[in-house]
1. Given A:Lys134/A:Lys251; A:Lys251/A:Lys290; B:Lys46/B:Lys219; A:Lys251/B:Lys219, which pairs have Cα atoms separated by over 23 Å?
2. Percent relative contact order of the stretch A:67-295, based on C-alpha pairs within less than 8 angstrom and at least six residues apart?
3. What does the charge count around A:Gly169 come to, taking other residues whose C-beta lies under 14 Å from its C-beta (Lys +1, Arg +1, Asp -1, Glu -1)?
4. When a/c reaches 1.5 or more, the comparison of a/b and b/c decides; with that in mind, is the stretch A:50-104 rounded, prolate or oblate per its Cα gyration tensor?
5. What average count of beta carbons from other chains do you get within 10 Å of the Cβ of residues in A:94-107?
6. Given the DSSP H assignment, sum -39500 (n - 2.57) over each helix run of at least 4 residues in the protein assembly as shown and divide by its residue total; what's the result at 222 nm in deg cm²/dmol, nearest 500?
7. Ignoring solvent entirely, what values of log10 I(q)/I(0) come out of the Debye formula for the protein assembly as shown at 0.09, 0.10 Å⁻¹ when each Cα is a single scatterer?
8. Run the numbers for A:Val15 and A:Leu146: contour at 0.36 nm per residue of separation, minus the present Cα-Cα distance, in nm.
Amino acid sequence: MKRIALILLPYSWLVALFLVPFLIVIKISLSDIALAIPPYTPNLDLSAGWQGFKDFISQLDFDNFVFLTTDDLYWKAYLSSLRIAVVSTLITLLVAYPIAYGMARAPEEWRPTLMMLVILPFWSSFLIRVYSWKAILANEGLLNQLLIAIGVIDEPLLILNTPTAVYIGIVYTYLPFMVLPLYSTLEKLDASLLEAAEDLGCTRFQAFWLVTFPLSRNGIIAGCFLVFIPVMGEFVIPALLGGSQTLMIGKVLWEEFFSNRDWPVASAVAVILLALLVIPIVLFQRNEEKQREAEG
Amino acid sequence: MRRISWFNATSLTLGFAFLYMPMVILVVYSFNESKLVTVWAGFSTKWYGELFRNEAFLDAAWVTIRVAVVSSTLATILGTAAAYVLVRGGRFFGKTLFSGMIYAPLVMPDVILGLSLLLLFIAVGLDRGMLTIILAHTTFSMCYVAVVVSSRLVSFDRSLEEAALDLGCTPFDAFRSVTLPIIAPAVISGWLLGFTLSLDDLVIASFTSGPSSTTLPIKIFSAVRLGVSPEINALSSILIGLVTIGVISFSITTKRAAVRRRLEENAT
């Protein structure tokens, strides 16, 4: 009896506040925009019984999805989000790997401190960390001041409000998400395997490439998913650093909802974004469960 | 002791410089006299004074703290129950769906979560305000709590619980006197995680808040959208300082507890 209550409590909470809202999003994405509150029709009228349900179903259509294919803004936004997410995930991996590797090879008594240093930015506000780059990347900002002072450039570089600033912002804010899973696989790695490889005539680089890198695969996969999936729907970074020329789907959804007040189209944008993310999310979940079983 | 190689030392130094430099600059410039954030005009604490006279920020901070405390507490209860069910609950109908609903919000883009929750609140006719933000934050925080607590549950020895049951404890007593003390560090970090996530959230709060319940991130976002403001630098510095103190003191207390436990184990 108690067991059932224990299961039902979190289960019903998630069904009511996670699953049901998605069904509503799907329903509204199939509805039409209307000048009413809420600004869409039709509404499901439960008091009309089965007939009301049939009327409701017959009024749903795919107009919003057709609309998304006709306006090339949406296509471009999905493609540009995909490109930004893929490229920034790879850059984050390249930046994070040496850090995680250095942490795993550091003397044992340093490791908890290094670990805390990586986690600390993760606990401080995401919004503030993105904002902190605004003063650095601006035209009269500190980076340009520095570069002009040391004579690398004469004219300030235009970085803020370009895609470059968005890449910097993503790599910066998502770095801990990549470092931590990489570190946890690299730390478990048996050092004698590397010694064996070197004894057998590998150079250090070959030993890294043939032994360390393949063995850290789990960490690479987990880290890449943890960066790629949320970046696809990122809103704060393009809104603060990207200016008007960086197109990302999270920002389009936001504007469709808050500025244009077109709820059905915003819902359709969300449904397609979710459809694009279902495969990586399921793969991520499999990977997590496999690891949990391996540990347990 | 193995010495750290030249390559590793360089990558660690550069990596941590990259992670910390922007925040250090932000804090330094919060003490800048000038209104222009990029020009240094001398030391001053005037922006902190301005900040504490700004009623709108103080109100928003108070809303944010109340939302964070309530939602992370609810999330800890629900998330711990979810973790227990996931790890110890055996098989039950819809378990795959359940674990899917635990993991999905961890990676789901905030815009989708926010939009879907808002549409739910409107569909059931719930007025937007503090309550709706609390419901939204509890939902995603409980998933983080569930993941943190379940990783602790997986790693601890189940025979301890079984021994308690054999010695005549009811399942609830066994949970309270054996399981809970062991998973307590994970439960506490789960609460802290939920608390910071709630403090930090902009997107979901923007969708689910009403006009009377603006949270601090919403206020900060609307202030910095157009440019850089020294007042926000001061506010950010305070928040960074609080988080730093919190994380360091938490890690020191857990380390002390671990050392004490090891000493006790050695003594017996």
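Throughout, read-outs are computed from the coordinates displayed, never taken from laboratory work. Owing to the predicted nature of the structure, the values given are computational and were not obtained by experimental measurement. We place every Cβ from the backbone using ideal geometry, glycine too, and count neighbours over all the protein chains shown.
1. Values: A:Lys134/A:Lys251 18 Å; A:Lys251/A:Lys290 34 Å; B:Lys46/B:Lys219 20 Å; A:Lys251/B:Lys219 18 Å.
A:Lys251/A:Lys290, as the Cα separations exceed 23 Å there.
2. Details: 234 pairs, mean separation 62.7, N = 229.
Once divided by the residue count of the stretch A:67-295, the mean separation gives 27 percent.
3. Numbers: positive: A:Arg129, A:Lys134, A:Lys251; negative: A:Glu234.
After counting each charged neighbour, the total is +2.
4. Numbers: a/c = 11.69, a/b = 2.55, b/c = 4.58.
Judged from the Cα gyration tensor, the stretch A:50-104 comes out oblate (a/c at least 1.5, b/c at or above a/b).
5. Numbers: counts 0, 4, 1, 1, 7, 9, 3, 4, 12, 5, 1, 8, 6, 4.
Mean shielding by partner chains, rounded to a whole number: 5.
6. On the way: 27 runs with 419 residues, N = 564.
Value at 222 nm, helices only: -24500 deg cm²/dmol.
7. Here log10 of I(q) over I(0) equals -0.76, -0.94.
8. Numbers: separation 131, 0.36 × 131 = 47.16 nm, distance 5.31 nm.
That works out to 41.9 nm of additional length.
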